[in-house]
1. Around residue B:28, with a cut-off of 14 angstrom between Cβ atoms, what is the net charge of the other residues, counting Lys and Arg +1 and Asp and Glu -1?
2. Projected onto the charge dipole of the protein assembly as shown (+1 at Lys/Arg Cβ, -1 at Asp/Glu Cβ, origin at the Cα centre), which of B:108, B:58, A:87 gives the Cα projection farthest towards the positive end?
3. Over the alpha carbons of chain A, what is the largest minus smallest coordinate on each principal axis, giving the biggest first in Å?
4. Rounded to a whole number of µm²/s, how large is the Stokes-Einstein D of chain B at 10 °C and 1.306 mPa s, given Rh as the Kirkwood radius over C-alpha pairs?
5. Give me, ordered by chain and number, the residues 5 or more places off residue A:32 or on other chains with an amide H under 5 Å from its own placed amide H.
6. With a 4.7 Å Cβ cut-off, tell me which Cys residues in the protein assembly as shown come up empty for a partner.
7. Please compute one quarter of the surface area of the Cα convex hull for the protein assembly as shown and express it in square nanometres.
8. Grab the DSSP H runs of the protein assembly as shown that are 4 residues or longer, score each as -39,500 (n - 2.57), total them, divide by all residues and round the 222 nm result to the nearest 500 deg cm²/dmol.
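All of the numbers you see were taken from the coordinates with simple rules; none came from a lab. Please read these numbers as outputs of a predicted model, since none were measured by experiment. Cβ coordinates were reconstructed from backbone atoms using ideal geometry, including for glycine residues, and neighbour counts include every protein chain displayed.
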Amino acid sequence: RKEVEQDPGPFNVPEGATVAFNCTYSNSASQSFFWYRQDCRKEPKLLMSVYSSGNEDGRFTAQLNRASQYISLLIRDSKLSDSATYLCVVNRGGGNKLTFGTGTQLKVEL
Amino acid sequence: GAGVSQSPSNKVTEKGKDVELRCDPISGHTALYWYRQSLGQGLEFLIYFQGNSAPDKSGLPSDRFSAERTGGSVSTLTIQRTQQEDSAVYLCASSEQGGANTGELFFGEGSRLTVL
């Protein structure tokens, strides 16, 4: 079983739609969680951290469910510019490395 | 520029040749990471440098892979006797100390390696 698992998609949604991605992680000792965004043939960039209490940044909401070991990302009012691959990222036990999922591809269409 | 710089951006080599990939991190960042990303795969951790500490080499896939970081700044990833399965995008990232806890890794655009 992979340490971080994501549905690869693609998720094809119309502009203005709300879309949600889930990600599961296998190591219960994982302590820090993040969402990264990667545009086609570009480098990954930090989108937002995921806090236990849930957090929101504009149209983006991230949530963590430790009991079920999953994190989610909700995007409201999707824009064409949101089209990208969203990477679920986990740091287990405060170590030196981040473990990345394979990503979920989002395509926002007119 | 102020970002992480990697070179070459593209490298095509023949099987069995050695290659060197270079990473110039953001000035002042003490942590440096190498990852690789194969087609349809997630980022795979290779190696981590933090200041003058011994590097975490736990992700290097074989002894054909090595990396060094001179003077706490520029890093070189060397792949000896390249194989076709080494074909991937090699991504370098840097961060301030504790970047893996804050998630604030800054990636370069990567070096795309193709082994024929």
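1. Details: positive: none; negative: B:24, B:96, B:104.
Residues near residue B:28 contribute -3 overall.
2. B:58
3. 42, 30, 22
4. Details: Rh = 14.1 Å.
Translational D for this selection: 113 µm²/s.
5. Here the answer is A:91, A:93, A:94, since their amide H atoms fall under 5 Å of that of residue A:32.
6. Isolated Cys, the protein assembly as shown: A:40.
7. Details: hull surface 51.2 nm².
The Cα convex hull of the protein assembly as shown, projected and averaged over all directions, gives 12.8 nm².
8. Numbers: 1 runs with 4 residues, N = 226.
Mean residue ellipticity, 222 nm, calculated: 0 deg cm²/dmol.
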